[in-house]
Amino acid sequence: MLFLTRSYSIALVAMTLVVASTGCSKNSSNTASQAPHKIAAASAAAAARLVAEGHTNEAAAEYARIGELLLVPEGIQYADKMFDRALELDPNNGKANFYGAVTKPLMRMQGFISRFAQVAEPDDQKKLASLRKEIEKLNLPELTKFAVRLPDGKSPFADYHEVQRFLKTELLPEVVKSVEKLSRLMGRNDLELNINLARLGFRKMKSTSDYRCEHSVYTYTETSGGGYDAHGNPIAKLYQFDNWYCSYTSTMELKDILKAERVVLDASDLKIVRGSMMALADFLRLSSAYSFAGLQEAINNLKILEKNRDEHYRHLSTRDVIQELQRHPDLFTIEKDQEIVALAHSQEQVLRDALSLGELQADLCQNAERAQGENLIKSFCLYANDLNTIQTALDLLAGPRPIKIGFDGEGAEV
């Protein structure tokens with residue numbers, strides 16, 4: 001259970017970093033990276049005029065585009081506000097729904113370095129401290145604020161149970177809303193995005209590398225120890241050495257810093273993205289269903305007991321663990337606001353979507369045309385064993401099913 005707690009806390013931090021720190025460049029010349037709040041304020045004026053003129057859908061599209069332009073690591077929070085404005089005007093705006101499905105859960109992770117520091121294991125604490133230093137080196141105040149500063153009214157997590165309650169009451173609701181946003185896009189035309197994926201860390205920026213070597217010959221003449229000629233002059237020895245000087249330079253191409261890519265999301269892309277978001281929601285539901293109240297104290301006590309036992313060449317017993325757990329009556333009891341019932345319906349939808357993707361493997365799995373095209377998901381493979389497992393899971397969700405265990409005396413299947 002400790003492993004589970006650490007796993008999902010670290011996984012969520014990693015999810016934040018995918019958008020909040022990878023692909024950052026201190027020397028980036030991207031205009032939005034210089035002052036995203038100023039860009040947002042200035043660009044929103046055009047959208048506001050459209051609202052005043054009654055063109056709400058056009059204004060929503062303008063706000064969504066502004067948010068898209070602000071999707072750089074240090075501008076995520078400003079982009080999120082633009083998507084909110086777009087959806088207030090047009091709840092069906094494609095870009096705002098898709099991008100908002102990603103940015104809104106991330107907003108709940110503000111101050112993650114400070115919030116998780118106390119409950120992280122020593123090794124993870126060192127990683128968080130190192131990450132903070134790396135972010136600060138980028139000289140991006142907005143990104144540093146996002147990663148370090150605690151939101152108003154929030155404090156660092158004191159124990160695992162506080163982390164669990166945060167996941168249930170704050171993050172899970174946003175993830176569920178993200179699933180709803182992505183569901184609005186299903187059954188519609190392909191969604192076209194224009195975004196610099198390299199700046200967000202989803203594409204490698206191209207760089208021009210130059211490796212040059214220059215050759216010269218070094219000549220050295222030595223007159224001592226060589227003797228003398230018939231005229232009494234010292235005999236010189238001539239030495240020649242090859243001298244190589246090599247230099248390597250790597251320059252980031254400006255076009256790869258500034259250039260936006262056209263990314264297309266078709267029905268398969270959306271199913272994969274929505275399925276991933278639904279799986280995250282189910283993981284949070286399951287992880288928050290049984291209380292972790294007292295878990296950290298129980299673990300600490302068992303560590304102390306184990307240390308004392310080791311000094312006498314004894315190990316923890318099952319009885320030791322059970323006795324410690326019994327001292328915490330709320331530990332692993334079911335939470336009143338658990339959502340286990342919702343798991344079955346959600347999982348069925350995810351599995352059915354996966355089966356439908358299995359029927360499209362010729363187009364999705366290692367298809368050269370798709371891999372070289374504009375789709376967000378370049379390849380998605382499900383093999384025969386995967387599909388059999390998915391079908392078995394669906395059958396189990398449907399209820400009891402007969403399982404062959406052998407044959408009776410007359411040779412009939414039992």
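Quick check: residue separation of ILE304 and ASP386 times 0.36 nm, minus the Cα distance between them. What number comes out in nm? Length gained between ILE304 and ASP386: 25.1 nm. Full extension of the chain between ARG132 and ILE334 gives 69.1 nm of extra length, using 0.36 nm per residue less the Cα-Cα distance. As a proxy for reagent exposure, TYR78, TYR290 were ordered by neighbouring Cβ count within 10 angstrom, fewest first; the result is TYR290, TYR78. Averaging Cα coordinates gives a centre for segment 265-290 and one for segment 44-75; these two points are 28 Å apart.
Over 25 Å apart at the Cα level, from the set LYS145/LYS271; LYS95/LYS177; LYS126/LYS303, are LYS145/LYS271.
Extending 7 Å from Cα along the Cβ direction at ASP395 and again at TYR290 yields two label points whose distance is 2.8 nm. Dipole orientation for segment 280-340: of the candidates PHE292, THR333, GLN323, GLN323 has the Cα lying most toward the positive pole (charges on Cβ; Lys, Arg +1; Asp, Glu -1). Extension gain, GLU180 to ASN233: 0.36 nm times the residue separation minus the Cα-Cα distance gives 9.4 nm. Computing FRET efficiency as 1/(1 + (r/R0)^6) for ASP408 and LEU316, where r is the C-beta to C-beta distance and R0 is 45 Å, gives about 0.40. Using the beta-carbon distance between GLU261 and GLU369 and R0 = 22 Å, what value does 1/(1 + (r/R0)^6) give for FRET efficiency, to the nearest 0.05? So the FRET efficiency works out to roughly 0.80.
Where a number appears in this text, it was derived from the coordinates with a stated rule and is not lab data. Here the structure is a predicted model, which is why all the values come from computation and not from measurement. Cβ: placed from backbone, ideal geometry, glycine included. Neighbour counts: every protein chain shown.
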